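Visitor: Here it is: the structure, laid out below.
The values are calculated or read from the model by the stated rules, or taken from the named source; none is laboratory data. Quick caveat: nothing in here was measured; it's all calculated off a predicted structure. Virtual Cβ from ideal backbone geometry, glycine too; neighbours counted across all protein chains shown.
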Amino acid sequence: MNRYISNTEEQRERMLKEIGFDSPDMLFKDIPEDIRLNRSLMLPGPLTEMELSCHMKRLAGKNIESGGYSCFLGAGAYDHYIPSVIAHILNRSEFYTSYTPYQPEISQGTLQAIFEFQTMICELTGMDVANASVYDGATAMAEAANMACKITRKEKVVVMRTVNPQYRKTLKAYAGFKGYEILEADYQEGTTNLSDLESLLSAETAAVIVQNPNFFGSLEEVAKIADLKAKYQVLLIICVDPVSLGLFKTPEEQGADIVVGEGQALGNPMSFGGPYLGFFAAKDKYLRQMPGRIVGQTVDRNGEPGFTLTMQTREQHIRREKAASNICSNQALNALAATVYLTLMGKQGLREAAYQSLQKAHYGYNKLIETDCFRPGFTKPFFKEFTVRSEIPLDRLNHDLLKEGIIGGYALEKDYPELKGFWLVAVTEKRTKGEIDELAEKVVEIR
Amino acid sequence: MNRKLIFEKSIKGRKGYALPECDVPAQAIEDIIPKEYIRIEEPELPEVGEVDTVRHFTLLSGLNYGVDNGLYPLGSCTMKYNPKINEDVSRLDGFTGVHPDLPDSAVQGCLELLYKMDLFLSEITGMERISLQPAAGAHGELAGLMMMKAFHQYHGEGHRNKIIVPDSAHGTNPASAAMVGYEVIEVKTDSRGNVDLSELKKMMSGGIAGIMLTNPSTLGLFEENICEITDIIHKAGGLVYYDGANLNAIMGITRPGDMGFDIVHLNLHKTFSTPHGGGGPGSGPVGVKKDLVPFLPVPLIQYKDGQYIRDYDRPLSIGRVRSYFGNFSVIVKAYAYILTMGAEGLRHASETAVLNANYLMHKLKKNYELPYDRTCMHEFVLSGRHQKDIGITVLDIAKRMMDYGIHPPTVYFPLKVKEAMMFEPTETESLETIDEAAEILMRIAAEAEENPELLKEAPHRTPVARLDEVRAVREPVLKWHAKNKEK
């Protein structure tokens, strides 16, 4: 007997008898004989809790985790501080064992938390409406491109080559199979080449997608990109680092129509790439084309305020093939983590996390340049991530640093063959001066 | 009751965090960041303490109902018990603290787990390889349909653009098909709840890309003609897609691969016990037969020379459907579940799920109409048509169930059945719980006749009464406005 199944053998027999069956095999009589498995699945187990626990610890022990290391690797996943409270709230089983809040009367907890999340995303981005989350930053961007094509009834989207390569790859799959065309605008000195961008724009362009700070960590000249909007009647989609918004101007002030991004940095661990949190916000007038769930405030039959899922005629379970998207499950628990994070950090804390990341990244940049092992990479203004050009082969550098307890930066050549030796280094508020100094020292030793 | 929003609990200057002092020499911001980038108006985030935060969210959690509170028989959602040890192991630092861009040699544990999960799920479904990248069921559908399209294009049959979906299908099926530019054609269900074979045959043409099926169907019935169906589609040059939402009925008993399916997605957050989290994160692995393996998303995890590696060199791949490798922590929980259960445990789970459903169906069919009176699989569909005749909707019945402390079934789905109620008790519910639920539903059926107002005004014992969803749409309030604070 398995401990997750309560019924005893005697109860089973009683139930079978009650429904008029002699054996459990009769339950499956509608399954044609020739497709029955008639053998046991070849799987390991069963393991008891103690055995499982040992096995899992052994597996986890084969990974290098950031706890014992100082992490200077970012490139889309960041080692920011995660307050202890978050795990405790997420561990409340009324939150994590509940389903999508389709029955609002017994889901007010989830619904109110999402309403608060939507508000926070609007506050950070300056947008009018936000949804309850999508899978991650990459799919948020792909959904935004689809939405822009539907709004404008045009089928071309221009994306900057400075956008996260994984996001662009996702965008290409989503758009390509749908039948939309994706064009890529090149960069110069680490930010978008505006004349190349303009050469790709036409009356058929639905939207322009820019990431700010971009994949290289550099700040894009978004104002100049936004200036092109009116001339070509395009929508501007901005992908942002939410932590940067503690310090930086909102995408709304920069001319965004749709804002998307990766919310992992808001209280979610790196977890080998997931689950993360795609956030999605837009101007009011595009509400009805937005993908994903949205929570609204209303009243109950006694006139008391309450929350419910709303604007559901956009969604697949109502509109089927005409829905704004196929998304159903989202990242509700990760959105809850972000909501608790933004609550704890609040106005001052988010600003301070952003401020310290900015200061420490700049300190780190200067330290690395001082070692003489690096030349400057791109020299545009940056937030928490920057590039330097290494004389030392990056594979060897990262390998040797790891042995010293340091997780080194990202080799941009993997995605940009022309950027040989470019090292993308992330410094969050978690890194100490000591850790940054040690990085510089070890680099000198390794050389 | 204190139902304030967190923003309304904010006190200027209060803090719920502490960061160490900035220990690097600070530069003036304007020296490093051009002025035009700097934010002037601060975001209206709450300013509350740690205690306030914990109390606020603890209060909210108490307004929710989860599997740990009681029976949650939502059809097609498989709300089984979420084992606690799986939560613990998924939170090991050696999993949560791992950066996804570390070299293969530094993440052998993560890669081994993903590789083995591919093996396990391939064995369970009868597929050749599985990608764990999709983040949810609908996302798995999308990836699967992209592969279907890529496969046809590769074979010079890019003109195939029609996909068949039964009238009982999940809404995500047609919606996912539309996302890859397919035209959706609906096939009807016959009087036994199977796909109407003669209609299906008439639909065959050179333009058919494939069919999407859930088996058991959303009516909770095993498709008796499944082999004929896959045969008809294959002969027409199409592919057969398996929506794995209902796999909980058949683990170790039959496999989609053996039924003739070419592409399969699974919902780890249904069949493999990972929690739904109030709407996510889920995980929707997608598997394929041998001919489709080249089209799987990148990277595929391989085992080579004693090392687990990420293989990106796959020229025919559809690319990516998201960043990194999937909802990893969710996959860890499902992996732990499979190891705990083993082959016999999984088979036992399916058998018990089917027995529990048949038992509950048997008990309820006296009081509620059973539109398809067959042996059901892990779920079954009742109709509240008789109750509707006396002015009681299934929504009223659902809301009344809350008063008795159990979660309602899925209602108004499948669309094909009028006043549908779809029950899925799952294998983790005991006989006593199911008997109690049956009694409650019988009592509600009696109340519908004797005291209909009790149902129409339900629920009575929940944190809020029935909500005005029409008003929520007509006068959308989708966020809190900072200016409200001043009032």
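Visitor: Among the residues of segment A:17-33 satisfying the criterion of being at the interface with chain B (Cβ under 7 Å from one of its Cβ atoms) and under 17 Å from B:Ala249 (Cβ atoms), which is farthest from the chain's Cα centre (by Cα)?
Guide: Restricting attention to segment A:17-33, the residues satisfying the condition of being at the interface with chain B (Cβ under 7 Å from one of its Cβ atoms) are A:18-19, A:24, A:27-32.
Narrowing further to those that are under 17 Å from B:Ala249 (Cβ atoms): A:19, A:24, A:27-32.
Details: A:Ile19: 49, A:Pro24: 45, A:Leu27: 44, A:Phe28: 42, A:Lys29: 45, A:Asp30: 44, A:Ile31: 42, A:Pro32: 44 Å.
Checking each candidate, the answer is A:Ile19.
Visitor: Another question about this same structure. Checking the condition of a type outside the set (Phe, Trp, Tyr), modelled with pLDDT of 95 or more and assigned by TED's automatic domain parsing to the domain that holds A:Ala113, which residue from A:Leu59, A:Leu52, A:Leu73, A:Leu90 passes?
Guide: A:Leu90
Visitor: When only residues in segment A:420-447 that are under 25 Å from the mean Cα position of the chain (by Cα) and part of a loop (DSSP other than H, G, I, E, B) count, which is farthest from the other protein chains (Cβ to nearest Cβ)? Write out each step before concluding.
Guide: We begin by selecting, within segment A:420-447, every residue under 25 Å from the mean Cα position of the chain (by Cα); these are A:422-431.
Retained after the next criterion (residues that are part of a loop (DSSP other than H, G, I, E, B)): A:427-431.
Working: A:Val427: 9, A:Thr428: 11, A:Glu429: 6, A:Lys430: 9, A:Arg431: 9 Å.
Once the filter is applied, the top-ranked residue is A:Thr428.
Visitor: To continue, here is another question. Looking at B:Lys456, B:Lys399, B:Lys365 in this structure, which one is basic (Lys, Arg) and either buried (at least 23 other Cβ atoms within 10 Å of the Cβ) or in contact with a Cys (Cβ under 8 Å, 6 or more places away or on another chain) (or both)?
Guide: After applying the criteria, what remains is B:Lys399.
Visitor: Do you know which residues across segment A:262-290 are buried (at least 24 other Cβ atoms within 10 Å of the Cβ), more than 13 Å from A:Gly76 (Cα to Cα) and aromatic (Phe, Trp, Tyr)?
Guide: Once the filter is applied, which keeps residues that are buried (at least 24 other Cβ atoms within 10 Å of the Cβ), more than 13 Å from A:Gly76 (Cα to Cα) and aromatic (Phe, Trp, Tyr), segment A:262-290 yields A:Phe279, A:Phe280.
Visitor: Give the residue, chosen from B:Glu41, B:Glu36, B:Glu47, that is crowded, with 17+ Cβ neighbours inside 10 Å and farther than 29 Å from B:Glu436 by Cα. Please lay out each step first, then the result.
Guide: Values: B:Glu41 fails: crowded, with 17+ Cβ neighbours inside 10 Å; B:Glu36 fails: crowded, with 17+ Cβ neighbours inside 10 Å.
Being crowded, with 17+ Cβ neighbours inside 10 Å and farther than 29 Å from B:Glu436 by Cα holds for just one of B:Glu41, B:Glu36, B:Glu47, which is B:Glu47.
Visitor: Using the structure shown, decide if B:Glu112 is in a helix (DSSP H, G or I), over 30 Å from B:Leu239 (Cα atoms), under 23 Å from the mean Cα position of the chain (by Cα) and among the charged types (D, E, K, R).
Guide: For B:Glu112, the condition - in a helix (DSSP H, G or I), over 30 Å from B:Leu239 (Cα atoms), under 23 Å from the mean Cα position of the chain (by Cα) and among the charged types (D, E, K, R) - is not met.
Visitor: On the given criteria, is B:Gly279 at positive phi, within 24 Å of the chain's Cα centre (by Cα) and buried (at least 24 other Cβ atoms within 10 Å of the Cβ)?
Guide: The answer is yes for B:Gly279.
Visitor: Same structure again: Is there a residue in segment B:232-251 that is farther than 29 Å from B:Pro371 by Cα, buried (at least 24 other Cβ atoms within 10 Å of the Cβ) and charged (D, E, K, R)?
Guide: No: zero hits.
Visitor: Hey, another quick one. Check segment A:335-342 and report whether any residue there is of a type outside the set (Ser, Thr, Tyr), in contact with a Phe, Trp or Tyr (Cβ under 9 Å, 6 or more places away or on another chain) and either over 16 Å from A:His80 (Cβ atoms) or not in a helix (DSSP H, G or I) (or both).
Guide: Yes.
Visitor: Among the residues of segment A:218-230, are any surrounded by 24 or more Cβ atoms within 10 Å (Cβ to Cβ), among the small types (Gly, Ala, Ser) and in contact with a Pro (Cβ under 8 Å, 6 or more places away or on another chain)?
Guide: Checking segment A:218-230: at least one residue is surrounded by 24 or more Cβ atoms within 10 Å (Cβ to Cβ), among the small types (Gly, Ala, Ser) and in contact with a Pro (Cβ under 8 Å, 6 or more places away or on another chain).
Visitor: Right, something else. Tell me which residues, restricted to segment B:271-309, are more than 28 Å from B:Met341 (Cβ to Cβ) and assigned to a strand (DSSP E or B).
Guide: B:Lys304, B:Gln307, B:Ile309 - these are the residues of segment B:271-309 that are more than 28 Å from B:Met341 (Cβ to Cβ) and assigned to a strand (DSSP E or B).
Visitor: Applying the selection to segment A:382-407, what residues are part of a loop (DSSP other than H, G, I, E, B) and either more than 28 Å from the chain's Cα centre (by Cα) or surrounded by fewer than 19 Cβ atoms within 10 Å (Cβ to Cβ) (or both)?
Guide: A:Glu391, A:Ile392, A:Pro393, A:Glu404, A:Gly405
Visitor: With respect to B:Val54, is the statement that it is closer than 30 Å to A:Gly67 by Cα, surrounded by fewer than 23 Cβ atoms within 10 Å (Cβ to Cβ) and either at the interface with another protein chain (Cβ under 7 Å from one of its Cβ atoms) or more than 24 Å from the chain's Cα centre (by Cα) (or both) true? Reasoning before the result, please.
Guide: Numbers: closer than 30 Å to A:Gly67 by Cα: yes; surrounded by fewer than 23 Cβ atoms within 10 Å (Cβ to Cβ): yes; either at the interface with another protein chain (Cβ under 7 Å from one of its Cβ atoms) or more than 24 Å from the chain's Cα centre (by Cα) (or both): yes.
Here the answer is yes, as B:Val54 does meet what is asked.
Visitor: Could you run through segment B:298-320 and say how many residues are closer than 25 Å to B:Tyr154 by Cβ and acidic (Asp, Glu)?
Guide: Qualifying residue count, segment B:298-320: 2.
Visitor: Right, another one. So which residues in segment B:53-81 are in contact with a Lys or Arg (Cβ under 6 Å, 6 or more places away or on another chain) and in contact (Cβ under 8 Å) with a residue 24 or more places away in the chain, if there are any at all? Show your work before the answer.
Guide: Going through segment B:53-81, the residues in contact with a Lys or Arg (Cβ under 6 Å, 6 or more places away or on another chain) turn out to be B:61, B:78.
Result: B:Thr78, single match.
Visitor: Something else about it: Suppose the filter is away from chain A (no Cβ under 14 Å) and surrounded by fewer than 24 Cβ atoms within 10 Å (Cβ to Cβ); does B:Lys162 pass it?
Guide: When the stated conditions are applied, B:Lys162 does not pass them.
Visitor: Go through the residues of segment B:148-155 one by one and say whether even a single one is modelled with pLDDT of 95 or more, among the small types (Gly, Ala, Ser), in the same structural domain as B:Val298 (by TED's automatic domain parsing) and part of a helix (DSSP H, G or I).
Guide: Yes, segment B:148-155 contains a residue that is modelled with pLDDT of 95 or more, among the small types (Gly, Ala, Ser), in the same structural domain as B:Val298 (by TED's automatic domain parsing) and part of a helix (DSSP H, G or I).
Visitor: So is B:Val332 closer than 30 Å to A:Gly274 by Cβ, at the interface with chain A (Cβ under 9 Å from one of its Cβ atoms) and either surrounded by fewer than 24 Cβ atoms within 10 Å (Cβ to Cβ) or not aromatic (Phe, Trp, Tyr) (or both) or not?
Guide: So B:Val332 fits the description; yes.
Residue-by-condition table, conditions (1) of a type in the set (A, V, I, L, M, F, W, C); (2) at negative phi; (3) without any contact (Cβ under 8 Å) to a residue 60 or more places away in the chain:
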position: A:Gly377; (1), (2), (3): no, yes, no
position: A:Phe382; (1), (2), (3): yes, yes, no
position: A:Glu385; (1), (2), (3): no, yes, no
position: A:Ser390; (1), (2), (3): no, yes, yes
position: A:Arg396; (1), (2), (3): no, yes, yes
position: A:Glu404; (1), (2), (3): no, yes, yes
position: A:Tyr410; (1), (2), (3): no, yes, no
position: A:Pro417; (1), (2), (3): no, yes, yes
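The rows are residues; the columns are (1) away from every other protein chain (no Cβ under 11 Å); (2) farther than 22 Å from A:Tyr4 by Cβ; (3) of a type in the set (S, T, N, Q).
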site: B:Tyr242; (1), (2), (3): yes, yes, no
site: B:Leu247; (1), (2), (3): yes, no, no
site: B:Leu268; (1), (2), (3): no, no, no
site: B:Lys290; (1), (2), (3): yes, yes, no
site: B:Asp311; (1), (2), (3): yes, yes, no
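Visitor: In addition: Just to be sure I understand, how many residues within segment A:340-353 are more than 7 Å from chain B (Cβ to nearest Cβ) and surrounded by fewer than 24 Cβ atoms within 10 Å (Cβ to Cβ)?
Guide: 1
Visitor: Please give the helices (runs of 4 or more DSSP H) falling wholly within segment A:77-183 in which 1 or more residues are surrounded by fewer than 21 Cβ atoms within 10 Å (Cβ to Cβ), in contact (Cβ under 8 Å) with a residue 12 or more places away in the chain and touching a helix residue (DSSP H, G or I) at 6+ places or on another chain (Cβ under 9 Å).
Guide: A:84-90, A:137-152, A:165-178
Visitor: Please verify whether segment B:336-352 includes one or more residues that are free of Cβ contacts under 8 Å to residues at least 40 places away in the same chain and in a loop (DSSP other than H, G, I, E, B).
Guide: The answer is no, given that none of the residues of segment B:336-352 is free of Cβ contacts under 8 Å to residues at least 40 places away in the same chain and in a loop (DSSP other than H, G, I, E, B).
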